[in-house]
Amino acid sequence: MSALGVASRLGRFRPTQRRCWFIPSSRGFASIKKPASLFDPLDTFSERHIGPDDTEASKMLEAIGYKTMDDFIDATVPPKIRIASNTISNESIKPFSESQLLAKAKALGDQNKMFKNFIGMGYHCAVIPPVILRNVFENPAWYTQYTPYQPEISQGRLESLVNFQTMVISLTSMDIANASLLDEATAAAEGMVMAFVSANSKKRTFIVDSGVLPQTLAVLRTRAKGFGIRIVVGDVQSLLRLESSSDVCGVLVQYPDVDGAIRDFGEVAEKTHAVGGLLVAATDLLALVRLKPPGEWGADIVVGNTARFGVPTGYGGPHAAFFAVKDKLKRKMPGRLIGRSRDAEGNSAYRLSLQTREQHIRREKATSNICTSQALLANMAAMYAVYHGPDGLKRIADKVHGFTQVFVDAVTRLGYKLVNDSFFDTVTIDVTPILASAELLHTKSIEAGINLRRVDDKRVGITFDESITSLDLVSLINVFASAASATPVSLVDLSEPNKPTIPEHMKRTTPFLPHPVFNKHHSETEMMRYINHLASKDLSLAHAMIPLGSCTMKLNSTSSMIPLSWPEYGNIHPFAPYDQVKGYDNIIKELEEYLCRITGFHAASLQPNSGAAGEYTGLCVIRAYHESRGEGHRDVCLIPFSAHGTNPASAAMAGLRVVAVKVHPDGNLDLEDLRDKAEKYKDNLAAFMITYPSTFGVFEAGVQEACKIIHDNGGQVYLDGANLNAQIGLTNPATCGGDVCHMNLHKTFAIPHGGGGPGVGPICVAEHLAPFLPSHPVMPIKGKQAIDAVSAAPFGSASINIISWAYIKMLGGKGLADASKIALLNANYMAARLSGHYILRYKNENGRVAHELLIDLAEFDKAAGLKVNDFAKRLQDFGFHPPTCSWPIQTCMLIEPTESETLEELDRFCDAMIQIRKEAENIITGKQPKENNLLKNAPHTMSVMTLPEDKWKRPYTREEAAYPLPWLREKKFWPTVSRLDDAYGDLNLICDCPSVEELASA
């Protein structure tokens, strides 16, 4: 068929007449404010970040019946909780222009000392292939995507995440892997809980080998407390003999261990299974290129960190952890899982699988509160494996291992003693044959710009990675030579190793990554095309607004992202001495101060590396506070029915009993039910969790009364900050009555969602809770009463905190307040436009919503058999990502436009929803059949639109399907697959890449 024939079927071109489609912009010319002074910068951020200009804001205010912004805010935010206008102002937070911000970031980056790090302990300096750095890490088509809950417009990142899962499955020799977790330590904690649950929560002893990373052990202790798990640390062989076999639920080992030793844990696995437990192995993927994989020696669960596969160290993160299990455990596995299914046309397609495992469905019965992953970083790691392939990974592994061997040979010749005879990339060196203590060696290494691991007074640790050059190797050896008063060496003095240091029986013998995708894209040209091919399948903020309620998909500005690519921030080890990271220290302290000012609280912790982790941390802090007062028995947590699913899951993980609180039909909290239950449980009341504004999209006037009820009965108030974007400069969690809140920096403070992660969930607390903020075993940062660590790194995902720091500094106090005001205005304007066509479920006594609106579609199910999902899929035909569907109410859509969208984009979305309402009316009135119509058949792909005439069996035209509104002819995003069959995907669970044979038979 000719191109003209295909286009004719789509209605784009008509053979009989020529027609030029030009859609004039409804926005007209945008207004840019004149600077107050000639000497003021022109690159101010506020006018670039906030979508509507003053003219558009005035039009929207007029449309909803207000003359001024102040009048509108007075009608939207309850007066009792308002804060003074100068609380968040340019005097309290000075605004920086974009160029000023970048200059500030550069100056602070220069304060971070660029030492060569051999510290190891689970962190390596990665070499990021430039093709991945530019086309994924720095590409908004990848980093502004949302979690792929809408698979028809997410096939690119879903395929990449399947590549990630396949990479993990193949290297670990396990049966199935998820699409990443937050970090290695929390992944190990998930493994521990899985072992506990697999023993029916009756066996409470979990054995941890002494070779496990210290940060992992700290996170395990935190997590174990809420479940009542007893952790025993030591030599696993001995402990399995000593501990009661009837109480051991599992064992955790490190492979290779923290000191670098390669140990055969096959017998440990057998003994663990003999007592009915599960063996969890924490490992390193690059090591598994040359080591016998855990799946072959009996591991049930395998976890680790993929950061050395092309992801910046970033002072601790974000990084993508992996989690792989045996087939029998797949339905208990935490986190997201990507699987293959088929679409309505029978074509193979990817989707999120087994979502009934997730916390938003299981709520307080969940044993994990994971509601995110590290998708962007997982995609980078997967692309690294695709780019290098199995042979490339072998080259890298052999060089890293070879350098380690050369180093050992050189320093043992100097008289130092190797502690671990077997190793891959990490060795522990005993200095006492030559030196009185290791301190002199550390002094020499610092002088040479090198960091070694401080094991103890007698031993040092050295870990090699891909970034180490031949000159780095020589410099390191000469540090040891200098300390030993020996002659320095040069590169010509070194020779390649000639004896094995990996035990023969522990070497890998099985092939890995045989799949075509890992063996095709090894030139930069092919890799660039593959990356961009996948990106072309996914709708992101680069295409249109993503109006997901409770997700705050705002602009992720280029200026705030740029510093992340700088080595001054990307190549810093999380355990580098504090005097080497003064730039990071300044940013962290400033960001904590800003967050405390914004929330009204006293102190902050940036350690939690997701919103759900923030919830959990806040509740652990509350529990520690009660225990310090001799009230550790307080274990009841009151949570409204309207709460996000992570709230009850987090409470359960913290060891709290969840008691639900009723909500009135108008969406407001039932204060009488809250009072009754607070008084009923007053002797055991620990906490109350509330989201504000509510998940129904309304500022509840009774929030302060609710908090007082809790305080009067001995409890603490956890205010979920998921909706903080509606509060800044207008109110704050402390004024509302909270004691602790978490913030989603990936929502309110503009960190990208990355296609499903990373996220950051710092907490801010009142003064009486500050002593209990989390510490860290390697880099202690808090007091004696601090809870143990909640993430692997002391400051969580430290590098991306730079984004939020930059966002706050560039907006300044006034810009932050203006952003919240426009977010509220945009939502209320959309509510006004849609209310004549859809039922607006909740609003306050003035008819106002907060920063999001909830529309109810139940009437269409009764009248035409149309579900929420039908409206969502039809929106894809208009080039929009659907709003949040069926949450917090099954029959509703939750819509949040954010402040970054212009009036033109808001109108485009509203026009699309109004057009879909008209299409639904045609079904209600019988003009379209109930089972074969525009909504039920949506989305319409290019392949469907080009079906031959005899196969087009639909009671509407191709033009009605593809171009229901005129502007779509100019700007059209095409879903690449038709509607997916969810049931088929769960019943036929396949979670890895197609093999050569499968592709050949397709």
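Odds and ends about this structure:
- Estimated FRET transfer efficiency (residue 398, residue 925; beta-carbon r; R0 60 Å; 0.05): 0.25
- Applying a DSSP loop filter and a limit of 16 other Cβ atoms within 10 Å to the trypsin sites (Lys or Arg not before Pro) in region 482-587 leaves 520.
- Cα→Cβ-extended label distance, 7 Å offset, between residue 683 and residue 201, nm: 2.4 nm
- Full extension of the chain between residue 536 and residue 436 gives 29.9 nm of extra length, using 0.36 nm per residue less the Cα-Cα distance.
- Summarising the amide proton neighbourhood of residue 350: residues at separation of 5 or more, or on other chains, whose placed amide H is nearer than 5 Å comprise 341.
- Within region 893-915, backbone nitrogen closer than 18 Å to the virtual label 7 Å beyond the Cα of residue 970 toward Cβ: 902-912
- Between residue 64 and residue 80, the simple label model (points 7 Å from Cα in the Cβ direction) yields a spacing of 2.3 nm.
- By the helix-only formula, in which each DSSP H run with n ≥ 4 contributes -39500 (n - 2.57) and the sum is divided by residues, the chain has a 222 nm mean residue ellipticity of -11000 deg cm²/dmol.
- Contour excess over end-to-end distance, with Cα ends at residue 472 and residue 71 and 0.36 nm allotted per residue: 137.9 nm
- Cross-link reach list, lysines versus residue 927, counting only Cα pairs under 26 Å and skipping chain neighbours closer than eight places: 862, 867, 873, 918, 936, 951, 953
- In Hz, Karplus ³J(HN,Hα) per residue of region 289-304 (6.51, -1.76, 1.60; θ = phi - 60°; x = Gly, Pro): 4, 10, 9, 4, x, x, x, 8, 10, x, 5, 9, 9, 10, 10, x
- J(HN,Hα) series, region 76-88, from Karplus relation 6.51 cos²θ - 1.76 cosθ + 1.60, nearest Hz, glycine and proline x: 9, 9, x, x, 5, 9, 5, 10, 4, 5, 8, 5, 10
- Region 532-644: C-alpha gyration tensor shape, a/c 1.5 cut-off, then a/b vs b/c: oblate
- FRET efficiency for the residue 138 to residue 957 pair, using the beta carbon distance and R₀ = 45 Å, is estimated at 0.60.
- When both region 759-838 and region 598-629 are represented by their alpha-carbon centers, they are found 12 Å apart.
- Where region 478-567 is the region considered: accessible area per residue in Å², 1.4 Å probe: 48 Å²
- Rolled with a 1.4 Å probe across the full set of protein chains, the surface gives residue 94 an accessible area near 140 Å².
- Rounded to whole Å, the principal axis extents of the Cα atoms in the chain read 87, 74, 69, largest first.
- Accessible surface ranking that places the most exposed of 128, 588 first, with a 1.4 angstrom probe: 128, 588
- Remark on residue 702: its backbone amide H falls under 5 Å from none of the residues 5 or more positions apart or on other chains, H modelled at 1.01 Å from N.
- Residue 627 accessible area, 1.4 Å probe, all protein chains in place, Å² to nearest 10: 80 Å²
- Neighbour net charge for residue 747 - beta-carbon separation under 14 angstrom, K R +1, D E -1: -4
- J(HN,Hα) series, region 482-489, from Karplus relation 6.51 cos²θ - 1.76 cosθ + 1.60, nearest Hz, glycine and proline x: 4, 5, 8, 6, 9, 5, x, 10
- At an R0 of 41 angstrom, the distance between the Cβ atoms of residue 890 and residue 523 translates into a FRET efficiency of 0.25.
- For the listed residue pairs 33/821; 747/814; 326/499; 747/821; 59/747; 330/554, the alpha carbons are over 25 angstrom apart in 326/499; 59/747; 330/554.
- The amide H of residue 250, built 1.01 Å from its N in the peptide plane, has 207, 278 as neighbours under 5 Å, considering only residues 5 or more places off or on other chains.
- Surface per residue (accessible, 1.4 Å probe) for region 93-217, Å²: 26 Å²
- Acute angle (nearest 10 degrees) that the helix 703-712 long axis makes with the longest principal axis of the chain, alpha-carbon atoms: 50 degrees
- Extents of region 810-881, taken as max minus min of Cα coordinates on every principal axis and listed largest first, are 49, 33, 15 Å.
- Straight-line cross-link partners of residue 328 among the lysines, defined as a Cα under 29 Å from its Cα and at least 8 positions apart when in the same chain: 202, 203, 225, 271, 292, 365, 507.
- Rolling a 1.4 Å probe across all protein chains gives residue 371 an accessible area of roughly 40 Å².
- Relative contact order for the chain, counting Cα pairs under 8 Å that sit 6 or more residues apart, in percent: 20 percent
- The chain: antiparallel DSSP beta bridges as a percent of all, rounded to 5: 50 percent
- Cα-based helix-to-principal-axis angle, 375-413 vs the chain, degrees rounded to 10: 10 degrees
- Potential extension, residue 242-residue 986 segment - 0.36 nm per residue separation minus Cα distance: 263.6 nm
- Residues within the reach of a label modelled at residue 270 (point 7 angstrom out along Cα to beta-carbon, backbone nitrogen below 18 Å), restricted to region 484-512, are 505-507.
- Nitroxide proxy distance, nm - points 7 Å out along Cα→Cβ at residue 38 and residue 835: 5.0 nm
- What a 1.4 Å probe finds exposed on the chain is 51% carbon and sulfur by accessible area, rounded to a whole percent.
- Across q = 0.10, 0.21 Å⁻¹, region 867-978 modelled as identical point scatterers on its alpha-carbon atoms has Debye log10 I(q)/I(0) values of -0.30, -1.27, in the order of the q list.
- Cα long-axis angle, helix 214-227 against the chain (0 to 90 degrees, to the nearest 10): 50 degrees
- Candidate aspartates and glutamates for bridging to residue 332, where Cα separation is under 20 Å - those fewer than 8 sequence places away on the same chain excluded: 175, 183, 184, 190, 300, 358, 364, 982, 986, 992
- A DSSP coil position with no more than 11 other Cβ atoms inside 10 Å describes the following GluC sites (Glu not before Pro) in region 835-904: 845.
- Accessible area per residue (1.4 Å probe, heavy atoms of protein chains only) ranks 775, 437 as 437, 775, with the largest value leading.
The values are calculated or read from the model by the stated rules, or taken from the named source; none is laboratory data. Everything quoted here is computed from the prediction, not taken from an experiment. Here Cβ is always computed from backbone atoms with ideal geometry, including for glycine, and neighbour counts include all displayed protein chains. For the accessible areas, the whole protein counts, side chains as well, though only heavy atoms, and no ligand, DNA or RNA atoms are used. Shrake-Rupley method; radii C 1.70, N 1.55, O 1.52, S 1.80 Å.
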